[in-house]
Amino acid sequence: MADEKVKLPRSSFDELCKVISAYGHLVAPAGAIEVSKAAALTRVTVSANNRFLLGIGVIEGGQKKQATSRGANLAKAIEHQMPDEQRRYWREIVSGSDFLSRLVTAVRIRKGMDEETLKSHIAYSAGEPNKGFVMTGAKAVIDLLRAAELIREEDGKLTAVEVLSMPVTETEGKTAPGVTTEKQSVLALPGGSLTGNSLKTVPIATPTPGVHLTINVQVQCDAGELGDLGTRLRKVIDDFNTMEPPPHNGDPQQGGM
């Protein structure tokens with residue numbers, strides 16, 4: 001695959017978040033002047049950051065732009081100051097961007113970098129010169145990866161955070177013989193969420209006779225969050241097991257015309 005070139009931001013991470021939040025408020029594609037008014041920033045600042053936001057999939061469009069679905073979710077989390085949701089949506093954006101993902105991989109391979117070295121690496125990877133405004137953008141990218149909690153500072157170095165990815169697949173066996181359906185879903189845990197492909201099967205009692213439900217769980221969390229993970233998973237299982245069965249329509253015991 002050819003290297004993905006992304007134009008770096010031209011502002012601090014805080015200003016970048018203001019631009020994203022402004023796009024989240026708009027109900028239709030808008031030009032830089034309209035976005036700048038919503039963000040309380042200059043038109044030049046908005047325009048200078050649009051290429052980066054386009055490159056990582058936060059906004060889309062041509063002369064007039066709007067937030068993508070991921071961008072809109074992130075904008076809402078930023079506006080309401082919800083750090084857990086911000087982390088979740090930033091991680092989704094990083095995972096969808098080859099450029100950002102490779103930066104995390106570079107930090108991991110090198111077993112950490114100091115901030116100045118990482119800023120230079122970001123500018124080099126983007127094919128941009130080592131200049132002041134570029135370094136401001138590189139610092140914003142570092143802060144983005146920090147907000148996603150994919151890197152953190154340890155002993156004066158930025159190191160990659162090991163994240164366990166956490167997909168869930170539900171398979172339902174219907175009462176009709178040989179008829180099954182599969183669907184991808186998000187399983188909400190108290191204080192977190194599970195998403196993705198299967199890793200571990202968790203048996204759960206079915207609330208309706210004749211329906212078989214299997215949920216495969218992968219866990220996405222930092223090492224510090226593992227302590228109460230078993231309790232949280234058990235609560236999910238208990239909640240499923242205590243569900244009231246839905247009313248059964250079309251009782252086969254009743255007669256018909």
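The values are calculated or read from the model by the stated rules, or taken from the named source; none is laboratory data. Computed from a prediction, not measured in an experiment: that's the story for all the values here. Glycine gets a Cβ as well: all are built from the backbone with ideal geometry, and neighbour counts include every protein chain shown.
Residue 105 fails exactly one of the following numbered conditions: (1) surrounded by 14 or more Cβ atoms within 10 Å (Cβ to Cβ); (2) closer than 23 Å to residue 149 by Cβ; (3) β-branched (Val, Ile, Thr). What is the number of that condition?
(1)
Does residue 73 satisfy being in contact with a Pro (Cβ under 6 Å, 6 or more places away or on another chain) and part of a helix (DSSP H, G or I)?
no
Can you name every residue in the range 114-123 that is in contact (Cβ under 8 Å) with a residue 12 or more places away in the chain and either surrounded by 14 or more Cβ atoms within 10 Å (Cβ to Cβ) or assigned to a helix (DSSP H, G or I) (or both)?
Passing the criteria: 115, 118, 119, 120, 121, 122, 123.
Just to be sure before I move on: is residue 111 surrounded by fewer than 14 Cβ atoms within 10 Å (Cβ to Cβ) and more than 16 Å from residue 57 (Cα to Cα) in the structure I sent?
yes
Pull up the range 145-176, narrow it to residues that are modelled with pLDDT of 90 or more and assigned to a strand (DSSP E or B), then point me to the one that is nearest to residue 56 (Cα to Cα).
151
Report the residue count in the range 1-41 for those that are farther than 17 Å from residue 61 by Cα, assigned to a loop (DSSP other than H, G, I, E, B) and either out of contact with any Leu (no Cβ under 7 Å at 6 or more places or on another chain) or at pLDDT below 95 (or both).
Of the residues in the range 1-41, 11 are farther than 17 Å from residue 61 by Cα, assigned to a loop (DSSP other than H, G, I, E, B) and either out of contact with any Leu (no Cβ under 7 Å at 6 or more places or on another chain) or at pLDDT below 95 (or both).
Residue pairs, Cβ under 6 Å, 6 or more apart or interchain, first in the range 82-102 and free of Cβ contacts under 8 Å to residues at least 24 places away in the same chain and farther than 17 Å from residue 124 by Cα, second part of a helix (DSSP H, G or I) and among the polar types (S, T, N, Q). List them.
Once the first residue is free of Cβ contacts under 8 Å to residues at least 24 places away in the same chain and farther than 17 Å from residue 124 by Cα and sits in the range 82-102, its partners that are part of a helix (DSSP H, G or I) and among the polar types (S, T, N, Q) give 89/73.
Sort through 71, 55 and tell me the only one that's within 17 Å of the chain's Cα centre (by Cα) and closer than 20 Å to residue 128 by Cβ.
55
Could you please find all residues in the range 92-121 being among the acidic types (Asp, Glu) and closer than 29 Å to residue 72 by Cβ?
92, 98
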